[in-house]
Amino acid sequence: MRSARDWGIGDITSMRGWLDILNYAGLTVLNILPINEIQPGGNCPYTALSGFAIDPIYIDPAAAEELAEAPEAMSLLSSGAFYSRLERIRAAETIHYDEIRALKHEVLWRIYTAFRANHMERGTESSRAFSDFCKKNAYWLDDYALFRRIKDNSSWVSWTQWAPDLSGRNPEALDRVRSENILQIDYFKYMQWLVQRQWDKARARASELGISLYGDLPFMVNGESADVWARQGEFDLGLSIGAPPDPLTPEGQNWGMPACRWDEAEKNGFEWWRLKLKRAAELYDIYRIDHMVGFFRTWVIPEHGGAKPHFDIQGEKNQEDRGRRFVTALTSASSMLAIGEDLGLIPAYVRKVLAETGVPGYKVMRWEKYWEKKKKDYIDTADYPAVSLATTSTHDTEPLAVWWHSAGAEERTLFWKMVSRGADPRPGAEKPPPFLTALPVILEKLVKSGSRIVILPFPDLFGLKDRINTHNTVGPHNWSFRPDTPLEDFRARHGGVLGRLARWIREAK
């Protein structure tokens, strides 16, 4: 969510401004991809250091209330050398994660040390508020902050290679690390307090505008995460999760994250996920259950030995029952609306369970066809069930513009036949027009679908070919897209698009 004043990546203050843009367009849901903290050198939010901690990269240092009390931070911000570095990453076309993170930490550390001297050492009201936050969130914050400090102390080697008393979480050893590193451990907690305070203001603004925040809860975390280190019995480091072969990836996918030991996780009633929901409720109004089918059956790839990739549970009834127990546990643990990402090769029992539990699934226009019929026409969006989420694409697929040009003439004609049905009775109207001419018709058709929730991916809204992520690949080409128009100029430049959206939404109600 680019702004002219951000630090090369959208921040929480910028999000508040974008909420006003959404409101102008009549939009009432903001879908946010995962914002969990990412490890150095990484850029994929689906393999995070924590299932709870938000990446400090999204903090707006200039909005930190304690900045005015931190002369060293103020001096750094006003220095010419610092400003030159800031301008360079602001001007970059893509997101330079490590550089942005380093720049922010230079300032945030100075703000924190000033807060420690001005408040924590004096026991002020602000210090008590920070302490209250730490106590309230101790169920995840303590392990996270300790893990982050040990990672820094060990030059980021795998926690499995730490001294046995640390990797094995010997209580006396952990207490020793805490006492010797309290300054740095509290810094990581302070970052999360800053995030929460800035987020609370953004969420309050969203509430004022009647906008719901739709968060994304990744299926799993990095093996090098505080969660796996703290809950070693619930994860199997010898198995990596992924996806079985399908038409898009005939070789299958290996995501490089540890598998869950579901039998162990179920002994405590899926506690880790219930706690993640507790945390998510402080951030979002709606949550996306990533990789829904994985809770029913997980595709696992042995890291060693000759065993072949396989599903971790056999038998459709066993798979259905496990998934039902999981979905029931989640939906009963939170009043937030759950939406299940049910895309790909999905067994019929998954959608059966979603229907039973009232959890909406996804309807991606280009994949909604009468697959069982000889003539595989597209399903009219008006016929999508109300309890569903309709969209043009996802962050893992090519944008609509790319698909349109690669689909082939016959496929485009079939798609356009559904989109334009009844819109233009003139002879020849069934022939697809150029993409940018077709795009407004496609978007209006989607907005007026039968689904109660419609998501418009940013690239598709403007017919861009920029891709958010190419699944099964890693590298700087992923998760680095930034729109070319900042927040401050957006309404002036794209007022026509926003106005059309508002009109379609009014007509659809």
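The values are calculated or read from the model by the stated rules, or taken from the named source; none is laboratory data. Everything numeric in this text was worked out from a predicted model, so none of it was measured. Every residue, glycine as well, gets a Cβ built from its backbone with ideal geometry; the counts of neighbours run over all protein chains shown.
Candidates Gly422, Gly428: the one that is farther than 20 Å from Arg503 by Cβ, at pLDDT below 95 and either more than 31 Å from the chain's Cα centre (by Cα) or not in a helix (DSSP H, G or I) (or both) is Gly428. Residues being in a helix (DSSP H, G or I), within 17 Å of Pro56 (Cβ to Cβ) and hydroxyl-bearing (Ser, Thr, Tyr) are represented in the range 180-197 by at least one member. On the basis of being over 24 Å from the mean Cα position of the chain (by Cα) and either at pLDDT below 95 or loosely packed, with under 15 Cβ neighbours inside 10 Å (or both), does Arg122 make the cut? Taking the combined requirement at face value, the residue satisfies it.
Look at the range 229-241: where a residue is closer than 20 Å to Asn472 by Cα and touching a residue at least 12 places away in the same chain (Cβ under 8 Å) and a partner is assigned to a strand (DSSP E or B) and of a type in the set (Phe, Trp, Tyr), sitting 6+ places away or on another chain with Cβ atoms under 9 Å, you get Ser240/Trp255; Ile241/Trp255; Ile241/Trp299.
Checked against (1) free of Cβ contacts under 8 Å to residues at least 40 places away in the same chain; (2) under 30 Å from Lys465 (Cα atoms); (3) not in a loop (DSSP other than H, G, I, E, B), Lys376 passes all but a single condition, namely (3). Exactly one residue out of Arg467, Arg493 is of a type in the set (D, E, K, R), farther than 17 Å from Met365 by Cβ, outside any strand (DSSP E or B) and in contact with a Ser or Thr (Cβ under 6 Å, 6 or more places away or on another chain): that is Arg493. Out of the residues in the range 310-345 meeting the condition of being under 21 Å from Ala280 (Cα atoms), assigned to a loop (DSSP other than H, G, I, E, B) and not acidic (Asp, Glu), tell me which one is nearest to the chain's Cα centre (by Cα). The extreme case among them is Met336. If you go through the range 379-409 and pick out every residue that is part of a helix (DSSP H, G or I) and acidic (Asp, Glu), you end up with 1. Pairs linking a residue in the range 468-491 that is under 17 Å from Arg5 (Cα atoms) to a residue that is exposed (fewer than 13 other Cβ atoms within 10 Å of the Cβ), with Cβ atoms under 7 Å and 6 or more positions apart or on different chains, are Arg482/Glu93; Thr485/Arg493; Pro486/Ala4; Glu488/Ala4.
Comparison of Asp227, Asp216 shows that the only residue that is surrounded by 21 or more Cβ atoms within 10 Å (Cβ to Cβ) and assigned to a strand (DSSP E or B) is Asp216. What about Arg90, is it assigned to a helix (DSSP H, G or I), basic (Lys, Arg) and within 24 Å of the chain's Cα centre (by Cα)? It is true that Arg90 is assigned to a helix (DSSP H, G or I), basic (Lys, Arg) and within 24 Å of the chain's Cα centre (by Cα). Within the range 284-299, restricting attention to residues that are part of a loop (DSSP other than H, G, I, E, B) and buried (at least 19 other Cβ atoms within 10 Å of the Cβ), the residue that is farthest from the chain's Cα centre (by Cα) is Arg297.
Residues in the range 451-483 that are in contact with an Asp or Glu (Cβ under 8 Å, 6 or more places away or on another chain) and crowded, with 17+ Cβ neighbours inside 10 Å: 6 in all.
Just one of the numbered conditions (1) aliphatic (A, V, I, L, M); (2) within 26 Å of Arg324 (Cβ to Cβ); (3) free of Cβ contacts under 8 Å to residues at least 24 places away in the same chain is not true of Ala204: (2).
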